[in-house]
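To start, the structure itself, in structure tokens.
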Amino acid sequence: MLEELCFFNAAKLNFKKIKFIDLPLAKNHKLGLWLDGSECVLIDTWGEPYYIILDTDKDNVITNPEFGADLSNPEYAERCRNSPPPTKLPAKVIIYSSGADRDPKTWNDNICSWRN
């Protein structure tokens, strides 16, 4: 039922009805897809939404959401001094999770698709 509702909502924007990804359904609102009211949400291990940023102008560059981040965590501040995050990322899509602290503004524990 959930999968059908999410696919129906996406079909409004996907006229050819191409299935681009097959996502698991969340169990206990963690690690998968679940319906929040009328919106389908992809949830991480900690029950928080994933953040997905698309290159909408098709220049293969996305502004790095981590650039200029809060440096109040000493470990993260040290990491940034040694290897500052770039202002731009060469990508069409980036995805990140807020990590164990469930705060997307504290980048020390965020899980990011563009990091090694």
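For the chain, the longest stretch holding no chymotrypsin sites (Phe, Trp or Tyr not before Pro) located in a DSSP loop with at most 13 other Cβ atoms within 10 Å is which?
Values: sites that count: PHE15, PHE20.
Answer - 21-116.
Among [x] 15.3; [y] 14.0; [z] 16.0, only one was calculated for this model; which label is it, if the read-out is Kirkwood radius over Cα pairs in Å? So the structure-derived entry is [z].
Partners of LYS27 within straight-line reach, counting lysines whose Cα lies under 23 Å from its Cα and excluding those fewer than 8 residues away in the same chain: LYS19.
Placing +1 on the Cβ of every Lys and Arg and -1 on the Cβ of every Asp and Glu, with nothing else charged, gives the chain a dipole about its Cα centre of roughly 420 debye. Here the Karplus relation 6.51 cos²θ - 1.76 cosθ + 1.60, evaluated at θ = phi - 60°, turns the backbone of region 15-32 into coupling constants of 4, 7, 6, 7, 8, 8, 8, 10, 9, x, 7, 5, 10, 6, 6, 9, 6, x Hz, with x for every Gly and Pro. The angle between the Cα long axis of helix 2-11 and the main principal axis of the chain comes to about 80°, on a 0 to 90 degree scale. Placing pseudo-labels 7 Å out from each Cα toward the beta carbon at ASP70 and VAL93 gives an inter-label distance of 2.9 nm. If the segment from THR63 to ARG115 were pulled out straight at 0.36 nm per residue, it would be longer than the present Cα-Cα gap by 17.3 nm. The string of couplings for region 67-80 from the Karplus curve (6.51, -1.76, 1.60, θ = phi - 60°) is 5, x, 5, 4, 9, 6, 7, x, 5, 5, 4, 5, 4, 5 Hz, one whole number per residue in order, with x for Gly and Pro.
Rule-based calculations on the coordinates, nothing more; no lab input. Keep in mind that what you see is a predicted model, and the values were worked out from it rather than measured. When we count neighbours, we look across all protein chains shown, and the Cβ atoms used for this are built from the backbone with ideal geometry, even at glycine.
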